[in-house]
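The values are calculated or read from the model by the stated rules, or taken from the named source; none is laboratory data. The structure presented is a predicted model; accordingly, all values stated were derived computationally and were not measured. Counting neighbours? That spans all protein chains shown, and the Cβs are built from the backbone with ideal geometry, glycine included. We work out accessible area using only protein heavy atoms, side chains counted, and drop any ligands, DNA or RNA first. Shrake-Rupley method; radii C 1.70, N 1.55, O 1.52, S 1.80 Å.
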Amino acid sequence: MARKKRSITPRILVARDNMKSPISEQYRTLRTNLQFASVDKDLHTMLVTSTGPSEGKSLTTGNLAVVFAQQGKRVLLIDADLRKPTVHYTFRLPNNYGLSNYLVDDRQLEDTVQNSGINNLDIMSCGPIPPNPSELLGSNAMQQLLKQVKSQYDLVIFDTPPVLAVTDSQVLSNLVDGVLLVVRSKKTDRESAKKAKELLEQARANLLGVVLNDRDVEKTHYYYYYGR
């Protein structure tokens, strides 16, 4: 008997689907804070990571990319989670070709970038999952990709794996202008957050701040806080 294909529940990008909601306003506040945090240096490339899984990292990344695009910036969102990619699910796009293809010199940039359906926002999905994610992210091909996309986009955002799970985020963190760490209320413990921060600092990352996700405030279920 044929096994049923598991259906993926579509993710809601609140910054796209409900721009007037309080949560969308929090993402816009986060956007402003990031711009102030990098006032002495243009924020051209950044990555978003978390301490562990299920902390809201990828939805934060997706919504952040949307609000920057809504501001008029030309944005490229790259799924650099070469182990458990989700960006193509979030934006409901195919994942036939993507970052992994580019890094192994299998496809050119124009073959791996897709239109998100949102003005000013393009997506590079993960592509086929490779056997050596950390090596690919630290390769010369990644540095070449950064040079190429920085000439075409105002802002490049990487969605990367959790810091405490694998070294991928640390490998990429010192190649970008800044790092945003996502933690989750009532899930992320203090010691894990401190350890993630220490690992990023050891990798010489420029830590822009921390997003506290899923905090109950009055009648909303999500609250985003940014701080150095």
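Annotations
- Here the spin labels are modelled as points 7 Å beyond Cα on the Cα-Cβ line, and at Asp42 and Asn96 they lie 3.5 nm apart.
- Residue order by solvent-accessible surface for Asp42, Asp122 is Asp42, Asp122, largest first, with ligands and nucleic acids left out and a 1.4 Å probe.
- FRET E, pair Thr32, Leu207, Förster distance 25 Å, beta-carbon r, rounded to 0.05: 0.90
- Rounded FRET efficiency, nearest 0.05, which uses the C-beta distance separating Lys73 from Lys20 and R0 of 25 Å: 0.75
- Electrostatic dipole magnitude of the chain [Cβ: Lys, Arg +1; Asp, Glu -1; Cα centre; debye, to 20]: 740 debye
- Secondary-structure-derived ellipticity at 222 nm for the chain, considering helices only, amounts to -10000 deg cm²/dmol, per-run term -39500 (n - 2.57) for DSSP H runs with n ≥ 4.
- Backbone phi angles across the range 99-108, fed through the Karplus curve with coefficients 6.51, -1.76 and 1.60 (θ = phi - 60°), yield HN-Hα couplings of 4, 4, 5, 4, 5, 9, 6, 9, 9, 7 Hz in residue order; Gly and Pro are listed as x.
- Cα extents for the chain along the principal axes, largest to smallest and rounded to whole angstrom: 49, 48, 37.
- Net charge of Cβ neighbours under 11 Å - reference Thr60; Lys, Arg +1; Asp, Glu -1: -1
- Using a cutoff of 8 angstrom between alpha carbon atoms and counting only pairs six or more residues apart, the relative contact order for the range 1-148 works out to 22 percent.
- Distance in nm between pseudo-label sites at Ser139 and Asp189 (7 Å out along the Cβ direction from Cα): 3.8 nm
- Whole-number percent relative contact order across the range 71-168, with pairs defined as alpha carbons under 8 Å at least 6 apart: 41 percent
- Contact order, relative form, for the range 144-207: 36 percent (alpha carbon pairs under 8 Å, 6 or more residues apart, mean separation divided by residue count).
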